[in-house]
Amino acid sequence: MNGFHYVYTLQSVSHPSQFYTGQTHDLRLRLREHNAGKVPHTAKFRPWIVRSATAFSDRTRALGFERYLKSGSGRAFLRRHL
């Protein structure tokens, strides 16, 4: 597939201490899915806003960055920078 792959971090509007990190090739569509309650993990904390998004031309690198952000040091990085 051509195009960019995005690693994104969402913040809940209704529960501001809740964050979610994911990866997609269509950021706008994925945000709509989160806010429509179509993602079980995020449904109870909607609505969501995008706090950060990083574009990668390589899906493998995007998946690696997502994995990092979901690790202990990656979560600490997000706390410091968001």
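Quick notes on this structure:
- Sorted peptide list for 52-64, 20-32, criterion being average Cβ within 10 angstrom, highest first: 20-32, 52-64
- Figure legend: label point modelled 7 angstrom from the Cα of Phe77 along Cα→Cβ; residues of region 16-48 with amide N under 17 Å from it are 20-24.
- Residues listed by number, region 40-77, amide nitrogen under 15 Å from Gln18 label point at 7 Å toward C-beta: 40-50
- Peptides 5-12, 69-76 ordered by packing proxy, namely the average of other Cβ atoms within 10 Å per residue, highest first: 5-12, 69-76.
- Classification of the chain by its C-alpha gyration tensor yields an oblate form. The axis ratio a/c (a ≥ b ≥ c) is 1.5 or more, and b/c is at least a/b.
- Dividing the helix sum by the residues of the chain, where each DSSP H run of 4 or more adds -39500 (n - 2.57), gives a mean residue ellipticity at 222 nm of -10500 deg cm²/dmol.
- Cα gyration tensor shape of region 31-74, rounded if a/c is under 1.5, else prolate or oblate by comparing a/b with b/c: prolate
- Student exercise, the chain dipole from Lys, Arg, Asp, Glu Cβ charges, in Debye to nearest 20: 200 debye
- Computed lengthening from Lys70 to Leu29, 0.36 nm per intervening residue step minus Cα-Cα distance: 12.6 nm
- Charge-dipole axis of the chain as Lys and Arg at +1 and Asp and Glu at -1 on Cβ define it, positive-most pick from Phe77, Val7, Ala62: Phe77
Throughout, read-outs are computed from the coordinates displayed, never taken from laboratory work. Here the structure is a predicted model, which means the values were calculated and not measured. Every residue, glycine as well, gets a Cβ built from its backbone with ideal geometry; the counts of neighbours run over all protein chains shown.
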